[in-house]
Amino acid sequence: LAATACGSDDDKSNDASKSSGELSGTVTWWDTSTAGSEDKVFKKIAEGFEKKHPKVDVKYVNVPFGEAQNKFKNAAQSGSGAPDVIRSEVAWTPEFADLGYLAPLDGTPALQKADDFLKQAAASTKYKDKTYAVPQVIDSMGIFYNKKIFKAAGVEVPKTVAELKTVSKKIKDKTGNPGFYLRGDDAYWFLSFLYGEGGDMVDASSQSVTIDNPAGVKAMKVVKDLVDSGAAKTDATDGWENMQSSFKDGKVAMMINGPWAVADTYAGKEFKDKTNLGVAPVPAGSVAQGAPQGGHNLAVYAGSKNLDASYAFVDYMTSVKTQAQVTKELNLLPTRTSAYAQESVVDNEIVGFFKPVVESAVERPWIPETGSLFAPLVTEYTKVLTGQTTPEKAAKTTGDSYRKLLKGWK
Ligand SMILES: C[C@H]1O[C@H](O[C@H]2[C@H](O)[C@@H](O)[C@@H](O[C@H]3[C@H](O)[C@@H](O)[C@@H](O[C@H]4[C@H](O)[C@@H](O)[C@@H](O)O[C@@H]4CO)O[C@@H]3CO)O[C@@H]2CO)[C@H](O)[C@H](O)[C@@H]1N[C@H]1C[C@@H](CO)[C@H](O)[C@@H](O)[C@@H]1O
């Protein structure tokens, strides 16, 4: 009826559900959030969308973070099996966009009040002047510490790497356990030490590789010394499980981590009393202090057969209301400026700590290759920590790999 009232013939071609604005069909969503802690909350919120749109069936699929990127690329490339919506990590988004796998969202219902998004969060969704995703969460890293152990050892939170070594030694003398866990199987945990020496992986503005400059070599020496001096415990594999269980069981007093680790950490026996968890800025190196920016966006597969419902789903999952609920239940940081005024967000202690950290986080170049910089680096980083190579060789080998990846960069 509404269609004919508009008069023009092509409106009549709209089927009833469209003209009544009622969405229908299936939306398959690949969510990469941590199974066992975050996934339950995101699945529940997605069910809220179905209540709002009874003719839409959301197929929630939890895909492990380490598998989702390639799984999506393979499915999109082969044209079968790709989801309608994917939780696209900030570094995956420019790569997927460059490959043509994502639907541009400018002017669609997926992207509402675009200027409400934090600029650092929006940056990773832009590619060649179009918007290919909507920011869902933004994060960075800090020192997580066990207040009870710190009190017993009579130590304060370290502000520099030098203090980290002193504090860690005091804790070891007092408790027998190493004070600090340094994750050794993921190069993201190397970045704050790299920034602390004034280094970075690359310098996109001058299109030069910088991981193998003197600051990069120095940073490799710093992390090697943390392990060789006994200040840090590390592992070459299963870093996430080993780091989380050591910290949750009180076997180490400190780790570097981000808001995504809070839900799992609170499940640990040491943090049943949540007030026992302290969070502080990552330690400064010899010339600077900084933590990396991370996070996740929601993107729509370019080949989706249900764009209308997918756009609406992305909008729903990134709305102020949803973001405030995610903060309340998971302590994750919103990406909408307006969400920070919501009561459950204003009062959240984790957000209170991480908001300024995110604002001063070191931004990364959102180019298609940015995610590919971690695999070559982690190989050398792990070898440095396990004494299989020198800081100099590690930096050089990584730099050479980067120059192969980044055609024409210095
Ligand atoms: C190696 C990888 O390098 C990069 O990843 C960087 C990433 O760019 C950094 O930003 C940082 O990500 C933060 C993240 O921002 C932060 O939010 C959090 O995420 C939480 C979630 O919060 C939590 O909900 C849950 O999901 O769990 C998430 C994870 O905990 O922590 C992340 C850091 O873990 O660090 C990543 C590196 O880890 C590449 O991008 C690839 O991922 C690449 N892996 C590929 C490698 C291929 C073979 O080479 C293999 O075949 C492929 O299949 C693999 O995909």
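Things to note:
- Tyr181 being of a type in the set (Phe, Trp, Tyr) and either at positive phi or out of contact with any helix residue (DSSP H, G or I) (no Cβ under 7 Å at 6 or more places or on another chain) (or both): no
- Here Ala312 fulfils each of the conditions (1) touching a helix residue (DSSP H, G or I) at 6+ places or on another chain (Cβ under 6 Å); (2) surrounded by 19 or more Cβ atoms within 10 Å (Cβ to Cβ) apart from (1).
- Between Gly285, Gly278, Gly268, the distinction of being over 23 Å from Ile86 (Cα atoms), crowded, with 23+ Cβ neighbours inside 10 Å, away from the ligand (no atom under 14 Å from the Cβ) and over 18 Å from the mean Cα position of the chain (by Cα) belongs to Gly285 only.
- Enumeration of residues in region 222-258 that are of a type in the set (A, V, I, L, M, F, W, C) and part of a helix (DSSP H, G or I): Val222, Val223, Leu226, Val227, Trp240, Met243, Phe247
- Taking the numbered list (1) at pLDDT below 95; (2) within 27 Å of Val326 (Cβ to Cβ) in turn, Lys51 passes all entries but (1).
- Residue within region 244-263 that is away from the ligand (no atom under 15 Å from the Cβ), in contact with a Leu (Cβ under 7 Å, 6 or more places away or on another chain) and closer than 23 Å to Gln388 by Cβ present: no
- All positions within region 34-52 that are within 16 Å of the ligand (Cβ to nearest atom) and either in a helix (DSSP H, G or I) or touching a residue at least 40 places away in the same chain (Cβ under 8 Å) (or both): Thr34, Gly36, Ser37, Glu38, Asp39, Lys40, Val41, Phe42, Lys43, Lys44, Ile45, Ala46
- Residue that is surrounded by the fewest Cβ atoms within 10 Å (Cβ to Cβ), among those in region 53-82 that are within 18 Å of Ser33 (Cβ to Cβ) and away from the ligand (no atom under 15 Å from the Cβ): Lys59
- Selected residue (criterion: nearest to Met317 (Cα to Cα)) from residues of region 83-94 that are assigned to a loop (DSSP other than H, G, I, E, B) and within 12 Å of the ligand (Cβ to nearest atom): Val90
- Scope region 288-332; condition part of a loop (DSSP other than H, G, I, E, B) and not aliphatic (A, V, I, L, M); matching residues: Gln289, Gly290, Gln293, Gly303, Ser304, Lys305, Asn306, Thr318, Ser319, Asn331
- Of Asp106, Asp129, Asp98, Asp115, all but one fail to be in contact with a Lys or Arg (Cβ under 8 Å, 6 or more places away or on another chain) and among the charged types (D, E, K, R); the exception is Asp106.
- Within region 12-33, the set of residues being part of a loop (DSSP other than H, G, I, E, B) and modelled with pLDDT of 50 or more comprises Ser20, Gly21, Glu22, Leu23, Ser24, Thr32, Ser33.
- Some residue of region 43-51 being closer than 30 Å to Phe374 by Cα and surrounded by 13 or more Cβ atoms within 10 Å (Cβ to Cβ): yes
- Inter-residue pairs, beta-carbon under 6 Å, first on the phi > 0 side of the Ramachandran plot and in region 234-263, second in a helix (DSSP H, G or I), 6+ apart: Gly250/Glu270
The values are calculated or read from the model by the stated rules, or taken from the named source; none is laboratory data. Bear in mind that the values here come from a model prediction, so they are computed numbers and not experimental data. Because the Cβ atoms are built from the backbone with ideal geometry, glycine has one as well, and the counts that use them run over all protein chains shown.
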